[in-house]
Structures are given as structure tokens and as C-alpha cells.
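First the structure, then my questions, so here it is.
The values are calculated or read from the model by the stated rules, or taken from the named source; none is laboratory data. Quick caveat, the model's predicted, so the values are computed rather than measured. Backbone-built Cβ (ideal geometry, glycine too); neighbour counts: all protein chains shown. With ligands, DNA and RNA removed, areas are computed over all heavy atoms of the protein, side chains included. Shrake-Rupley method; radii C 1.70, N 1.55, O 1.52, S 1.80 Å.
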Amino acid sequence: MGRASKPMQVGTTFKDLLSQSKIKQNSAMSLVLNIWKKLSPKPFGKWLFTCVVCFKAPYFATISPRFEALRPGYARVSMKIRRRVKNHIQSVHAIAMCNLAELGAGTMMEASLSKNMRWLPRGMSVQYLKVARTNLVAECVANDIDDGPARDVIVSCDIKDAESNIVCHADVAMYISPRKAHP
């Protein structure tokens, strides 16, 4: 039997989780990407990473997502079809697909930017292309995410069904800017 771990407190941050674990921060890598690289190859690691993200942003837990891949400029997140994400015609409802796109886009930005930059979503343009009746996978891609002046960056998200048909496309506008120096 191992020692009992301390219960997670409300308001726990990624930094708190990192300091309480054996995961050491690589200074050149974002904290989110560092946690992903440490957890994802382990058994249940992708599930645990997803739980941590949904703990930090609880609204996303409503779609029961699962991170499949994460690297600078790219994220792949899946969602199983469940009753709670269906609408009255038994297809995946539109806002569930928007949540999947926003989760992938935001986490990808957090994993991609250096500690010198910050991001904020500005808006989302969505096209519903086909009725979604299967499990879904969102692939989110962004370019021009290096350090630099403040600017808008578009994260392109294609949401595909089990047959690889694009059922939804979202362009998420992200405002990225340098962090203000703290004295």
C-alpha cells in the first residue's frame, strides 16, 4: 500500500499540480505542453490530462472530451456521442461541437505559446456542414504563433465524424500579445 495523497483543493492550478507531482517543468516548454508530454505516454495519461484541463475549465467536462494529440500548433480532441450531447433529432447538438472546437483551440494555444505571450479568444465563426450522429474528433491547427507583436491568429478546427467526414468547421479568432512585465 502506498501513502495516501492529499485531496485536491478547489482552485488548484496547473502549477500546484506540477509542484505536488514528480513532473519537473522544462523552462523552454509551456506548462500545459510539459504536463501533456509527461502524462500522455503513461497508462490513463491522456484521460488524466483531460481531467486536469476540465478541472481547470469545468464547463468543458459537459461533453466528456478526450485529448488524443497535442503539440505546438496542433491539437486533436475527441468526443463520444452520448445522450447529453444529443438534440431532439438524436444528432450531436451544435453547441457541443462548438465546445469541442473551443477546447481544442484554447488548449493548443496554451501549449504553443511561450511564457512571454498570452492569448484570449475573440470570437468564433462556425459552419455546420453535415448532421453528426457518431463520435467526433476535432483537429485544431494554427500558424504564426511565435513570439512577436500583438495580433489576431485564426485557429482552424475541423470536426470529423467516424467516417472522416467534416461535419463542422470552426475558425476561432485568438488575440495573442506579449505579457506585461511584472516589476
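Being small (Gly, Ala, Ser), in contact with a Cys (Cβ under 9 Å, 6 or more places away or on another chain) and surrounded by 12 or more Cβ atoms within 10 Å (Cβ to Cβ) is the requirement here; does ALA132 meet it? Reasoning before the result, please.
Numbers: small (Gly, Ala, Ser): yes; in contact with a Cys (Cβ under 9 Å, 6 or more places away or on another chain): yes; surrounded by 12 or more Cβ atoms within 10 Å (Cβ to Cβ): yes.
The answer is yes for ALA132.
Any residue in the range 112-134 that's of a type in the set (Lys, Arg): show its pairings with residues that are in a loop (DSSP other than H, G, I, E, B) and open to solvent by less than 100 Å² (accessible area, probe 1.4 Å) at Cβ separation under 6 Å, as long as the two are six or more apart or on different chains.
Cβ pairs passing all conditions: LYS130/ASN165; ARG133/SER91.
Could you give every pair whose Cβ atoms fall below 8 Å, whose first residue belongs to the range 86-100 and is more than 18 Å from ALA162 (Cα to Cα), and whose second residue is buried (at least 19 other Cβ atoms within 10 Å of the Cβ) and aromatic (Phe, Trp, Tyr), counting only separations of at least 6 or pairs across chains?
ASN99/PHE60
In the range 151-183, which residues are open to solvent by 50 Å² or more (accessible area, probe 1.4 Å) and in contact with a Pro (Cβ under 9 Å, 6 or more places away or on another chain)?
TYR175, PRO178
Moving to a separate point now. Of everything in the range 6-64 that's of a type in the set (Lys, Arg) and at pLDDT below 55, which residue is farthest from ASP146 (Cα to Cα)? Give the derivation first.
Here is the first cut: in the range 6-64, the residues of a type in the set (Lys, Arg) are 6, 15, 22, 24, 37-38, 42, 46, 56.
Subset that is at pLDDT below 55: 6, 15, 22, 24.
Values: LYS6: 38, LYS15: 23, LYS22: 29, LYS24: 24 Å.
The extreme case among them is LYS6.
Among the residues of the range 111-126, what is the count of those that are over 17 Å from ASP152 (Cβ atoms) and either open to solvent by 100 Å² or more (accessible area, probe 1.4 Å) or touching a Leu at 6+ places or on another chain (Cβ under 8 Å) (or both)?
Looking only at that region, the number is 2.
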